[in-house]
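The values are calculated or read from the model by the stated rules, or taken from the named source; none is laboratory data. Predicted, not measured: the structure shown is a model, and the values here were computed from it. Glycine also receives a Cβ, built like all others from the backbone with ideal geometry; neighbour counts cover every protein chain displayed. Surface accessibility is based on the protein's heavy atoms, side chains included, excluding ligands, DNA and RNA. Shrake-Rupley method; radii C 1.70, N 1.55, O 1.52, S 1.80 Å.
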Amino acid sequence: MPPTHTPEPDVTPAGEHKIHRVTITVLLVLMLVQGIYLAVEQNFTALFPVALIILTMFSPILFRKKLQIELPAEFHLIAVLFTFSALYLGEVQSFYERFWWWDVVLHTTAGFLSGIVGFLLIYILNESKRVEIHLTAGFIAFFAFVFAVMMGTMWEIFEFSMDQIFSMNMQKPMLGDPSGLTDTMWDIIVNATGALLISLMGWRYLKLGDSFFVKKWIRTFIEKNPSWFLR
């Protein structure tokens, strides 16, 4: 039976908190207006990714109510900005067609961010007082890499499903390969590259004590959810 959740003081710096609030508000208004327009136009293919972005914006409420977890502002902001860039700018505004590098940058970033999420998940699990496990630095880094590759693979399955079910064009055909297989393989490769980089950085932080920017995020998460941790 999980302990009763009690609100913790906000440890996010005031400046970051304001940036988070303003950015989310502006994007939410934009997505709501865009969603209404697409609904009136009955463009449900474009409306679907807009709805996913709006859902991401409300994710802290879902985490708080269902899992009793407080998401730090920087976690939420990064998730929203990435989803906005991938789904709205990429799909609805056709940035994937306008800029050849948009797909490469986003999938590399996705591997990087998924690796961070995987690292945080297993690190937090390792520190949690609810689970009696003690994992090595190598295993934590390996889990982060595998988690990121899995997330990248799930995204490719999602793209394939959207193309097959709703006749979208999320798998971008490349010259000489109308099937989209080459695009899918490059997406997986750059995603794995980003995941490998963050996994190695995490391993060096745990094993060798190197500086690691995710350390601040870990500390913020623990401070916001102290009931989950041993220390």
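Return yes when PHE221 is modelled with pLDDT of 90 or more, aromatic (Phe, Trp, Tyr), within 23 Å of the chain's Cα centre (by Cα) and closer than 22 Å to LEU77 by Cβ and no when it is not.
Details: modelled with pLDDT of 90 or more: no; aromatic (Phe, Trp, Tyr): yes; within 23 Å of the chain's Cα centre (by Cα): yes; closer than 22 Å to LEU77 by Cβ: yes.
In short, no.
Would you list the helices (runs of 4 or more DSSP H) that sit entirely within the range 50-112 and hold 1 or more residues that are of a type in the set (Val, Ile, Thr)? Don't jump to the end; show me each part of the working.
Numbers: elements: 59-62, 73-83, 95-98.
Because the criterion is at least 1 residues that are of a type in the set (Val, Ile, Thr), the helices (runs of 4 or more DSSP H) in the range 50-112 that meet it are 59-62, 73-83.
Say whether the condition of being touching a residue at least 24 places away in the same chain (Cβ under 8 Å), in contact with a helix residue (DSSP H, G or I) (Cβ under 9 Å, 6 or more places away or on another chain) and open to solvent by 40 Å² or more (accessible area, probe 1.4 Å) is met by at least one residue in the range 127-135.
Here is the first cut: in the range 127-135, the ones touching a residue at least 24 places away in the same chain (Cβ under 8 Å) are 127-130.
Checking the rest, the ones that are also in contact with a helix residue (DSSP H, G or I) (Cβ under 9 Å, 6 or more places away or on another chain) come to 127-130.
Subset that is open to solvent by 40 Å² or more (accessible area, probe 1.4 Å): 129-130.
Yes - at least one qualifying residue is present in the range 127-135.
Within the range 1-50, restricting attention to residues that are of a type in the set (Phe, Trp, Tyr) and surrounded by 13 or more Cβ atoms within 10 Å (Cβ to Cβ), which residue is modelled with the highest pLDDT? Spell out the reasoning first.
From the range 1-50, those of a type in the set (Phe, Trp, Tyr) are 37, 44, 48; that's our starting set.
Filter again for surrounded by 13 or more Cβ atoms within 10 Å (Cβ to Cβ), leaving 37, 48.
Details: TYR37: 93, PHE48: 85.
For the range 1-50, the residue satisfying everything is TYR37.
Okay, residues lined up against (1) out of contact with any Gly (no Cβ under 8 Å at 6 or more places or on another chain); (2) under 25 Å from ILE69 (Cα atoms):
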| position | (1), (2) |
| --- | --- |
| PHE99 | yes, no |
| ASP103 | no, no |
| ILE122 | yes, yes |
| PHE143 | no, yes |
| ALA148 | no, yes |
| GLY152 | no, yes |
| PHE158 | yes, no |
| ASN169 | yes, no |
